[in-house]
Each structure stands twice: as structure tokens, then as C-alpha cells.
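Novice: To start, I am sharing the structure in question, which I have written as C-alpha cells.
The values are calculated or read from the model by the stated rules, or taken from the named source; none is laboratory data. For clarity, every value in this text was computed on a predicted model and none was experimentally measured. Note: ideal-geometry Cβ built from the backbone for every residue, glycine included; neighbour counts use all protein chains shown. When the accessible area is computed, the model is the full protein with side chains, heavy atoms only, and any ligands, DNA or RNA have been set aside. Shrake-Rupley method; radii C 1.70, N 1.55, O 1.52, S 1.80 Å.
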Amino acid sequence: MGRVYLTTPLLFQSKILCLSVLYLLTTLPLALYVAFSQTGCLFRTPLPLPMPRLFAYPPSYGEHKYALPTTRSACSSPVPFSEYGAVLQEIRDLCRNSSATAASPPSPVLRYLQGKADSFAGNFSAKKRMPFFNHTDGDRVEVPCGFLKEFPIRESDRSAMEKCDGVVVASAIFGDHDKIRQPKGLGAQTLETVCFFMFVDDATLRGLAAHNILTNINGEVDMIGAWRIVRVSSSELPYDNPAMNGVIPKHLVHRLFPNSTFSVWLDAKLQLTVDPLLLIHSLVVSKGADMAISKHPSNVHTMEEAMATARWKKWADVRSLRVQMETYCDMGLQPWSPSKHPYTTDVPDTALIIRRHGLKNNLFSCLLFNELEAFNPRDQLAFAYVRDFMIPKIDINMFESEVFEHVAVEYRHNLKRQDAGAPASTIKKASSRDIKGSSCEAYLSKMWGESND
């Protein structure tokens with residue numbers, strides 16, 4: 001009968017190896033616990049490898065001061081992002097194809113009203129603006145779309161803007177109200193494909209010079225990290241209101257960058273934290289949309305936003321807000337309802353706008369800008385009016401506000417807004433008894449659920 005021999009496993013024959021395994025088993029749970037307690041998650045959504053720091057600001061500038069709190073999760077993304085290399089190649093192919101067809105564009109195309117006028121966009125009446133909403137006549141109609149007065153930028157900047165023939169990320173700071181913040185999360189080849197342009201006025205330039213950030217006032221090319229700085233002469237700007245001047249690059253980006261295929265608009269209070277190519281691909285290209293924009297986190301109806309604008313003093317002339325809303329009610333604007341699907345709300349958050357340049361998007365932008373010149377730069381108030389009445393219909397991906405919070409960080413403005421209008425204590429909530437005889441009576445009754453229609 002054979003004997004059975006018991007041998008010590010090789011793992012335990014080496015004291016050093018044994019101690020190493022024991023150390024690993026002891027420290028791994030602790031390391032996982034620390035990682036989870038600090039970030040709230042163990043694994044994050046994969047993004048392209050980050051680039052080195054784009055610009056070193058002096059401590060006095062405080063580019064990261066006053067970030068607004070958010071409830072976003074760092075663990076997972078509410079929007080799926082494709083692999084960076086595949087996205088980069090697809091966006092480049094789309095831009096090349098767009099450039100190849102630019103010489104012989106398909107019909108219909110959008111033609112712009114040329115000439116000179118007393119205002120930047122002609123300031124047409126509501127009845128004169130309305131016929132431009134129907135673009136079924138194709139290229140026989142010239143649409144007013146700004147630039148009937150000069151937009152004062154240097155020729156070197158204008159030339160660079162025209163050469164940006166792929167993707168542009170644009171922003172603006174007028175009145176030194178915000179900081180220039182560098183985008184985060186950029187892929188290794190993004191700066192070769194994407195142009196970053198920041199429009200600034202004289203007040204903003206003085207603020208930058210005070211921190212020794214931009215002092216070469218005679219330079220032809222001004223760069224701050226990823227951003228090319230476009231100087232706009234304050235004395236020659238078309239509007240007295242800095243906010244109205246700011247909506248020129250915000251909503252007429254397709255005219256300032258006529259050869260770009262895609263654009264990302266970023267209010268200067270935001271810092272982009274996701275590569276713009278991933279945003280364009282996930283929110284516009286993969287959805288077959290002309291535009292992607294966030295839903296407002298709380299308001300659904302245009303009139304709700306108008307009331308909030310007056311209540312929180314976002315626009316001082318409350319009477320003009322009422323005139324604007326009554327004009328839209330006269331023209332047939334209705335509160336949001338399921339009948340407006342696929343549009344899921346009437347109120348966007350316009351701080352981040354992602355666009356595919358083309359007839360529908362460009363027409364929408366022109367029509368919206370004309371409304372802003374006619375009334376005020378609060379672009380959320382005219383959004384549904386333009387969208388609902390324009391033909392052809394624009395395809396808009398209105399994503400959830402959680403997506404917005406995941407792809408950008410919002411900061412407070414540098415300056416406090418001065419109080420305007422009536423004190424908050426004197427503003428009362430409107431009711432159906434207050435609007436008898438108004439052209440918006442039926443709108444408000446439907447919004448409040450008091451209508452039998």
C-alpha cells in the first residue's frame with residue numbers, strides 16, 4: 001500500500017511572497033474604501049487622456065472662484081460617449097464632406113439680407129418679421145440676419161475665423177463680467193481639429209491687463225491657452241447693452257464662422273469639462289439633430305420664464321416684457337403641451353448650444369436674433385415662438401439638465417447685477433384675475449389649467 005505525502009504549497013514556501021500577498025489583501029479593501037469615500041464611486045466614465053495644463057493664470061485672477069454647487073454624480077455619465085478616436089475620425093469626415101459640397105450647395109439655401117441700416121438687424125416690426133419664418137420659397141428670399149451695421153473686429157481675426165472650416169467653440173465676455181476659463185478633458189488631437197475663439201471688449205481687456213494676462217495691445221494674434229482672443233472695439237459696437245452685443249457671436253456664429261460645420265457656444269460663466277467633439281457626436285450627430293440644448297431645470301412654458309425674468313429682475317423693463325409676450329400671444333403662441341412633441345419643453349437653458357450648421361439651424365438662429373433685437377437679449381423668451389412657427393421645422397435634441405451639469409461647471413459672474421425695477425416685495429404672483437382683456441388671457445388660462453378648450 002503506497003504512502004500519501006503532504007507537501008506545503010509553493011505559495012507558502014516563500015515567506016516574502018506570503019507576506020506580500022497578505023499585505024495586498026489587507027490594503028486593497030482600504031484603498032477601495034478611500035477611493036469610494038472621496039469620489040463617491042469606484043469607476044468613472046472613460047474619457048480621452050487629458051492634455052497638459054493649457055495656461056497658468058496668476059493667483060490674483062481667481063479663474064476658479066465662485067463655482068456653483070451641483071448634485072451631479074462623478075460615477076457615471078447621463079449621456080454615453082463613444083470612443084475618442086472613432087469620434088475624431090467621424091467628425092473630420094463630416095467636416096470634409098461639408099467643405100466638399102460647399103462649392104455646389106443643395107437647394108434651397110439661405111441667403112442673407114445685405115446693405116446698411118440704422119440697426120444691426122434692421123429692427124423690423126413683428127408683421128414684417130413673420131414672412132421670413134416660412135422658407136419654402138428657397139433661395140429667392142433674403143433673410144435679415146444681422147450685419148447691417150459693422151461688427152468691429154480686426155481683419156486678422158476675421159481671416160482666422162473664415163479659415164476655421166471644421167468645429168468652432170465660441171464664447172464672449174463683454175463688460176468684464178466673467179473669467180476666461182480653459183476647457184478641460186480635451187483629447188490629444190482636439191486642438192488640431194477645433195478652433196476656440198473668445199470675443200472680448202475693451203473693459204474685459206483692461207481687466208486682463210490688470211492681472212498681467214494680456215498686455216501686448218499691439219499684437220496681431222492674442223492667445224490665452226486654448227482661446228484665441230478676438231478684440232471688439234467697445235466704441236464701435238452696434239448696441240449700448242453689453243448683453244445684446246454678446247448675443248451677436250452667440251446666435252450668429254454661423255455668419256462669423258461661415259465655413260464651420262459644427263459649433264459649440266459656451267456662455268463665459270461656464271467651463272467645459274468634456275471634449276467638444278464628444279459632445280457634438282453624442283448630442284447632435286448620433287441623434288440626427290440640427291441643434292442640442294439643455295432643458296430649463298424648472299420652467300416649461302414661455303410665460304413662466306417671462307414671469308421669472310420680471311420677478312428676479314433679469315430684465316429691468318417689465319413693461320417691454322409684457323409687450324413682447326402679448327405680441328407672441330397675438331401671433332398665436334400656445335403654452336407647451338404634449339401636442340408639441342417631439343419638443344419636450346418651451347424653455348431651454350441657452351448657456352450651452354451645440355449646432356450643426358445648415359439651412360434649418362441657420363434660419364432658426366437668424367429669426368431668433370431678430371426677435372432679440374426687437375425686444376431684449378433674453379433668448380429663452382423668443383425660443384419657442386421661433387421654433388414653433390418656422391418652416392422647415394428644426395430638429396432639436398433638448399437634453400436633460402443633468403447632462404448639462406455633467407459636461408460643464410458653472411460659475412458666478414464677476415459683478416453683481418444692479419437692482420432694477422420694482423422691489424421684490426412689491427412683485428406679486430399673477431393670477432387669472434389680473435390679465436382680463438390681455439391677448440395672453442387664453443394662453444395663461446391654458447397654462448394654469450383653467451381653460452375648457
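Novice: Can you go through G175, G146, G122, G187 and tell me which one is open to solvent by less than 40 Å² (accessible area, probe 1.4 Å), more than 27 Å from Q324 (Cβ to Cβ) and either touching a residue at least 24 places away in the same chain (Cβ under 8 Å) or of a type in the set (A, V, I, L, M, F, W, C) (or both)? Break it down stepwise before answering.
Specialist: On the way: G175 fails: more than 27 Å from Q324 (Cβ to Cβ); G146 fails: more than 27 Å from Q324 (Cβ to Cβ); G122 fails: more than 27 Å from Q324 (Cβ to Cβ).
Exactly one residue qualifies, and that residue is G187.
Novice: When the residues of segment 190-223 are filtered to those that are open to solvent by less than 20 Å² (accessible area, probe 1.4 Å) and among the acidic types (D, E), which remaining residue is modelled with the highest pLDDT?
Specialist: Result: D201.
Novice: Related question: Taking segment 189-205 as the region of interest, how many residues are under 27 Å from R96 (Cβ atoms) and part of a strand (DSSP E or B)?
Specialist: Our first condition is that a residue be under 27 Å from R96 (Cβ atoms); within segment 189-205, this holds for 189-198.
Checking the rest, the ones that are also part of a strand (DSSP E or B) come to 194-198.
Number satisfying all stated conditions: 5.
Novice: Checking the conditions here, which among Q324, Q271 is more than 21 Å from N123 (Cβ to Cβ), open to solvent by less than 30 Å² (accessible area, probe 1.4 Å) and either outside any loop (DSSP other than H, G, I, E, B) or hydrophobic (A, V, I, L, M, F, W, C) (or both)? Outline the logic, then answer.
Specialist: Numbers: Q324 fails: more than 21 Å from N123 (Cβ to Cβ).
Going through Q324, Q271 in turn, just one is more than 21 Å from N123 (Cβ to Cβ), open to solvent by less than 30 Å² (accessible area, probe 1.4 Å) and either outside any loop (DSSP other than H, G, I, E, B) or hydrophobic (A, V, I, L, M, F, W, C) (or both): Q271.
Novice: Are any of the residues in segment 65-77 touching a Phe, Trp or Tyr at 6+ places or on another chain (Cβ under 6 Å), on the phi > 0 side of the Ramachandran plot and either open to solvent by 70 Å² or more (accessible area, probe 1.4 Å) or at pLDDT below 65 (or both)?
Specialist: We begin by selecting, within segment 65-77, every residue touching a Phe, Trp or Tyr at 6+ places or on another chain (Cβ under 6 Å); these are 66-67.
From the residues that got through so far, the ones that are on the phi > 0 side of the Ramachandran plot too are 66.
Within this subset, residues satisfying the condition of being either open to solvent by 70 Å² or more (accessible area, probe 1.4 Å) or at pLDDT below 65 (or both) are 66.
Yes, that holds for at least one residue.
Novice: Looking at A382 and the list (1) open to solvent by 10 Å² or more (accessible area, probe 1.4 Å); (2) closer than 23 Å to N123 by Cα, which single condition is not satisfied?
Specialist: It fails just one condition, (1).
Novice: Could you give me the residue pairs with C-beta distances under 8 Å whose first residue belongs to segment 392-404 and is closer than 13 Å to K287 by Cβ, whose second residue is at pLDDT below 95 and of a type in the set (A, V, I, L, M, F, W, C) wherever it lies, and which are 6+ apart or on separate chains?
Specialist: Correct list of pairs: F399/V79; V403/V79.
Novice: Quick one: how many residues across segment 359-378 are under 16 Å from the mean Cα position of the chain (by Cα) and either open to solvent by 10 Å² or more (accessible area, probe 1.4 Å) or of a type in the set (V, I, T) (or both)? Give the steps one after another, and end with the answer.
Specialist: Pass one, segment 359-378, residues under 16 Å from the mean Cα position of the chain (by Cα): 361-362, 364-365, 368-369, 377-378.
Applying the additional criterion that residues be either open to solvent by 10 Å² or more (accessible area, probe 1.4 Å) or of a type in the set (V, I, T) (or both) yields 362, 377-378.
Of the residues in segment 359-378, 3 are under 16 Å from the mean Cα position of the chain (by Cα) and either open to solvent by 10 Å² or more (accessible area, probe 1.4 Å) or of a type in the set (V, I, T) (or both).
Novice: So if I check each of L186, L208, which one is part of a loop (DSSP other than H, G, I, E, B) and within 23 Å of G62 (Cβ to Cβ)? First the steps, then the outcome.
Specialist: On the way: L208 fails: part of a loop (DSSP other than H, G, I, E, B).
L186 is the lone residue from the list that is part of a loop (DSSP other than H, G, I, E, B) and within 23 Å of G62 (Cβ to Cβ).
Novice: Further, regarding this structure: Using the structure shown, decide if V247 is hydrophobic (A, V, I, L, M, F, W, C) and assigned to a strand (DSSP E or B). Spell out the reasoning first.
Specialist: Values: hydrophobic (A, V, I, L, M, F, W, C): yes; assigned to a strand (DSSP E or B): no.
Against the criterion (hydrophobic (A, V, I, L, M, F, W, C) and assigned to a strand (DSSP E or B)), V247 does not qualify.
Novice: May I ask you to verify whether S401 is at pLDDT below 95, within 19 Å of the chain's Cα centre (by Cα) and either within 28 Å of Y239 (Cα to Cα) or not β-branched (V, I, T) (or both)?
Specialist: Numbers: at pLDDT below 95: yes; within 19 Å of the chain's Cα centre (by Cα): yes; either within 28 Å of Y239 (Cα to Cα) or not β-branched (V, I, T) (or both): yes.
The answer is yes for S401.
Rundown of residues vs (1) hydroxyl-bearing (S, T, Y); (2) open to solvent by less than 30 Å² (accessible area, probe 1.4 Å); (3) under 22 Å from S439 (Cα atoms), yes/no style:
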| position | (1), (2), (3) |
| --- | --- |
| N299 | no, yes, yes |
| E304 | no, no, yes |
| H341 | no, no, no |
| D349 | no, no, no |
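Novice: Can you confirm whether I353 is within 18 Å of R111 (Cα to Cα), aliphatic (A, V, I, L, M), open to solvent by less than 30 Å² (accessible area, probe 1.4 Å) and in contact with a strand residue (DSSP E or B) (Cβ under 9 Å, 6 or more places away or on another chain)?
Specialist: Values: within 18 Å of R111 (Cα to Cα): no; aliphatic (A, V, I, L, M): yes; open to solvent by less than 30 Å² (accessible area, probe 1.4 Å): yes; in contact with a strand residue (DSSP E or B) (Cβ under 9 Å, 6 or more places away or on another chain): yes.
Here the answer is no, as I353 does not meet what is asked.
Novice: Further question: Those residues that are closer than 24 Å to P59 by Cβ and among the aliphatic types (A, V, I, L, M), I need them from segment 189-205; list them, please. Please lay out each step first, then the result.
Specialist: Kept after step one, since they are closer than 24 Å to P59 by Cβ, are these residues of segment 189-205: 196, 198, 200, 203-205.
M198, V200, A203, L205 - these are the residues of segment 189-205 that are closer than 24 Å to P59 by Cβ and among the aliphatic types (A, V, I, L, M).
Novice: So which residues in segment 125-143 are free of Cβ contacts under 8 Å to residues at least 60 places away in the same chain and either of a type in the set (D, E, K, R) or closer than 19 Å to L237 by Cβ (or both)?
Specialist: K127, K128, D137, D139, R140, E142
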